[in-house]
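Asker: Take a look at the following structure, please.
All of the numbers you see were taken from the coordinates with simple rules; none came from a lab. Owing to the predicted nature of the structure, the values given are computational and were not obtained by experimental measurement. Note: ideal-geometry Cβ built from the backbone for every residue, glycine included; neighbour counts use all protein chains shown.
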Amino acid sequence: MGNEYIIEANHVSKKFKKAYAINDLSISVRKNSVYGLLGPNGAGKSTLLKMITGIVRPTSGEILFDNHPWTRKDLLNIGSLIESPPLYENLTAFENLKVRAALMGTGIDKCNEILQKMDLADTKNKKTSDFSLGMKQRLGIALALLNSPQLLVLDEPTNGLDPFGIEELRTMIRSFAESGISVIISSHILSEVQQVADDIGIIYNGSLLYQDNIDASENLEQLFMEIIRKERAS
Ligand SMILES: Nc1ncnc2c1ncn2[C@@H]1O[C@H](COP(=O)(O)OP(=O)(O)OP(=O)(O)O)[C@@H](O)[C@H]1O
C-alpha cells in the first residue's frame, strides 16, 4: 500500500515582516478526499494554500507532497484556483484552455474533455468577458485541471456564486475526489464545506485548532463557534 496522504504540513510557519500568518501548523490531507479548510477572516487559510501551491515559501517547517519534501516539480501534479481565475477576457473558454494547453504541451482533446466536464462545452464563441461569475469559476477550475493534477487547491471557490452555482460546484468537487483527485477547499461558509468535505481543519490565528472527519449529523456551526470562542477566551 502506498502513502495515505497527498499533503502533510509539518510544523509550518510563515512570517510576514513581524507577524506570523501561520504559526507551527501541521495538517494532513488524505488522498482521494475533500479537505475543507475553515477559519474566520485573516486566520491564515490563503497563506497556507499559497504555501502548498508554491506562491509563498514557508519561513520554517516542511511540506510533504505524496510523502516527499515539496519541490517545484510537484506543481506538475497540483492544480489551483486562488483568488480570481487567470482568464484572457477577450478569448473564449476553449481558446483560454488552448493557450494554457500549448504552454504545457497538452493536446486539444484534453481541452474539449475538460470543457465538457466543467459544463462549458456549449459556450462556443462567447468571450469570457461575457461569462457569469459561475462560468468564470468553472473555467478557472478547468484551467487548473488541464495538467491532470493529483491535487486540486481551491481558495474560496464559491465566493459570489448563487445557490445553483454552489450546488453545481459541489457536485463537481465530489466527482473529482471520486475520480482520484484530492481536493483542498477553503471557505468560511460552514454548511457548504460540511456538504462536500470528508475531513475538515479549523484554523485561527495561524494555528490548527481542530482536524477530523466530518459527517452530515455533526453540528459544524456549533463546533466551529465553540472552538474559536474557547481560543479567543484563552
Ligand atoms: N503578503 C502579505 N504581507 C503581510 N501580511 C500578510 C500577507 N498575506 C497575508 N498577510 C496576513 O496574514 C494573515 C492571514 O491572512 P490570510 O489571507 O492567509 O487569511 P485568510 O484566512 O485567508 O483570510 P480571509 O478569509 O479573510 O481570506 C492576515 O493577518 C494577513 O493580514
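Asker: What single numbered condition from (1) in contact (Cβ under 8 Å) with a residue 12 or more places away in the chain; (2) out of contact with any Asp or Glu (no Cβ under 9 Å at 6 or more places or on another chain); (3) more than 17 Å from Q137 (Cα to Cα); (4) in a helix (DSSP H, G or I) fails to hold for K230?
Answerer: (1)
Asker: Next up: Are any of the residues in segment 100-108 part of a loop (DSSP other than H, G, I, E, B), among the polar types (S, T, N, Q) and touching a residue at least 24 places away in the same chain (Cβ under 8 Å)?
Answerer: Here is the first cut: in segment 100-108, the residues part of a loop (DSSP other than H, G, I, E, B) are 105-107.
Now drop any that are not among the polar types (S, T, N, Q), which leaves 106.
This time we only want the ones that are touching a residue at least 24 places away in the same chain (Cβ under 8 Å), so: 106.
Yes, segment 100-108 contains at least one residue that is part of a loop (DSSP other than H, G, I, E, B), among the polar types (S, T, N, Q) and touching a residue at least 24 places away in the same chain (Cβ under 8 Å).
Asker: Would you be able to say whether some residue in segment 18-28 is part of a loop (DSSP other than H, G, I, E, B), buried (at least 21 other Cβ atoms within 10 Å of the Cβ) and touching a residue at least 24 places away in the same chain (Cβ under 8 Å)?
Answerer: Applying the first criterion (part of a loop (DSSP other than H, G, I, E, B)) to segment 18-28 yields 18.
Those left that are additionally buried (at least 21 other Cβ atoms within 10 Å of the Cβ): none.
No, segment 18-28 contains no residue that is part of a loop (DSSP other than H, G, I, E, B), buried (at least 21 other Cβ atoms within 10 Å of the Cβ) and touching a residue at least 24 places away in the same chain (Cβ under 8 Å).
Asker: So which of A216, A177 ends up being more than 16 Å from the ligand (Cβ to nearest atom), under 20 Å from P157 (Cα atoms) and either acidic (D, E) or not in a strand (DSSP E or B) (or both)?
Answerer: On the way: A216 fails: under 20 Å from P157 (Cα atoms).
None of the others qualify; the one that does is A177.
Asker: Quick one: in segment 42-84, of everything that is more than 15 Å from the ligand (Cβ to nearest atom) and within 12 Å of the chain's Cα centre (by Cα), which residue is surrounded by the most Cβ atoms within 10 Å (Cβ to Cβ)?
Answerer: The extreme case among them is G79.
Asker: Give just the number: which of (1) touching a residue at least 40 places away in the same chain (Cβ under 8 Å); (2) part of a helix (DSSP H, G or I); (3) acidic (D, E) does E95 not satisfy?
Answerer: Here E95 clears every test but (1).
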